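The structure under discussion appears below in the form of structure tokens.
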Amino acid sequence: MSDNDVFTHPYKLGDLEVVPCSTVIGAEIRNIDISKELSAEIIVSLIQAWHTHLVLLFRQQDLAPEQHIAFTSYFGTPQSPNRTSFTPLTEKYPEIIEVMNVDMDDKQLDHSLGNSEAMWHTDMSYKPVPPLGSALYSREIPPNGGDTCVSNMYLAYDDLSEEMLREIDDKCAVHDESRNSAGILRPGFPDQKDPTKTPGPHHPIIRTHPETKRKTLFLGRRPYSYVPGLSYDKSEYLLDRLWAHASQKKYSWCHQWAVGDLLLWDNRCVMHRRDPFDKNQRRVMHRTQIAGSRPF
Ligand code: OGA
Ligand code: MN
């Protein structure tokens, strides 16, 4: 099997069957029940597949919150995000984030994206140390809409022109902490519309994946992004070109959910987005995330 075959043909890793979802990103792992305790050999295979395909899909899984958290822990330390509001579930399981459009007791949820589109983003890159990955598990799915797309930022990096590489080499971007991925202002932040005043950490635009050692684009989110050291106009011009390049369809694959699917993405080299859906339909997802390290 040549290196390229793994993106076009199903293959075996021990007892696991790995079925590529597209030629650029994603693989479904078959012949596994992730609610069970996994052997060291299987974990090594999963991590190998994860580094190759960046996103792993497990279908028809039946996971209690404890099992979801236990599965997440094979890839690192499950993280409890700081939050200002809890649901009964997240009070009991601080590691779980409920991503859903139904509000519990009319409470405003920290991470509720509602039913709107979530634009291309990296999870919590507005933190100095963003999570290294997330595991999103579907519990209730609307009949249509709400697909989640992922895209390969190694490939976007590999395709950059020499000229663009020179422009972004050693540059950072500010990652806006004040708004969520649906563009909603988080509580306690001023409604700042001048990108040169964006609150949030600075991360290198090109980062090196600490495990694979490959270079990748690390853009975060487009709204209110800014490249310190450049004028506003120059920063906008650069970011518009970078984002137009990075969000090309050819780097991405979209997943249409069924109940019981779990999608695990590597937040260091993958961006994701979500389609909107009918607000009268229920969509309930449980997400865990894995503690990461400072981007370099
Ligand atoms: C997330 C996210 C997308 C979705 O939970 O970080 O972007 O499909 N979710 O709900
Ligand atoms: Mn997200």
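Evaluate the following for Leu46: is it touching a helix residue (DSSP H, G or I) at 6+ places or on another chain (Cβ under 6 Å), within 23 Å of Thr216 (Cβ to Cβ), surrounded by 14 or more Cβ atoms within 10 Å (Cβ to Cβ) and at pLDDT 95 or above?
The answer is no for Leu46.
Among the residues of the range 180-188, is there at least one that is within 16 Å of ligand 2 (Cβ to nearest atom) and of a type in the set (Lys, Arg)?
There is at least one residue in the range 180-188 that is within 16 Å of ligand 2 (Cβ to nearest atom) and of a type in the set (Lys, Arg).
(1) in contact with a Ser or Thr (Cβ under 7 Å, 6 or more places away or on another chain); (2) in the same structural domain as His68 (by TED's automatic domain parsing); (3) aliphatic (A, V, I, L, M): which one isn't true of Leu264, the others all being true?
Checking Leu264 against (1) in contact with a Ser or Thr (Cβ under 7 Å, 6 or more places away or on another chain); (2) in the same structural domain as His68 (by TED's automatic domain parsing); (3) aliphatic (A, V, I, L, M), the one that fails is (1).
Within the range 269-296, work out how many residues are of a type in the set (Lys, Arg) and more than 21 Å from Glu117 (Cβ to Cβ).
Of the residues in the range 269-296, 1 are of a type in the set (Lys, Arg) and more than 21 Å from Glu117 (Cβ to Cβ).
Within the range 113-123, take every residue that is in contact with a strand residue (DSSP E or B) (Cβ under 8 Å, 6 or more places away or on another chain), part of a loop (DSSP other than H, G, I, E, B) and under 20 Å from Gln281 (Cα atoms) and give me the one that is farthest from ligand 2 (Cβ to nearest atom).
So the residue we want is Glu117.
Among the residues of the range 219-235, is any within 14 Å of ligand 1 (Cβ to nearest atom) and assigned to a loop (DSSP other than H, G, I, E, B)?
yes
In this structure, is Glu37 at pLDDT 95 or above, within 23 Å of Arg273 (Cα to Cα) and of a type in the set (D, E, K, R)?
No, not satisfied.
Any idea how many residues of the range 124-152 are closer than 16 Å to Trp253 by Cα and more than 14 Å from ligand 2 (Cβ to nearest atom)?
The number of residues fulfilling the criteria is 2.
The values are calculated or read from the model by the stated rules, or taken from the named source; none is laboratory data. As the structure is a prediction and not an experimental result, all values here were calculated from the model. Neighbour counts are summed over all protein chains in view; Cβ atoms, including those assigned to glycine, are modelled from backbone coordinates with ideal geometry.
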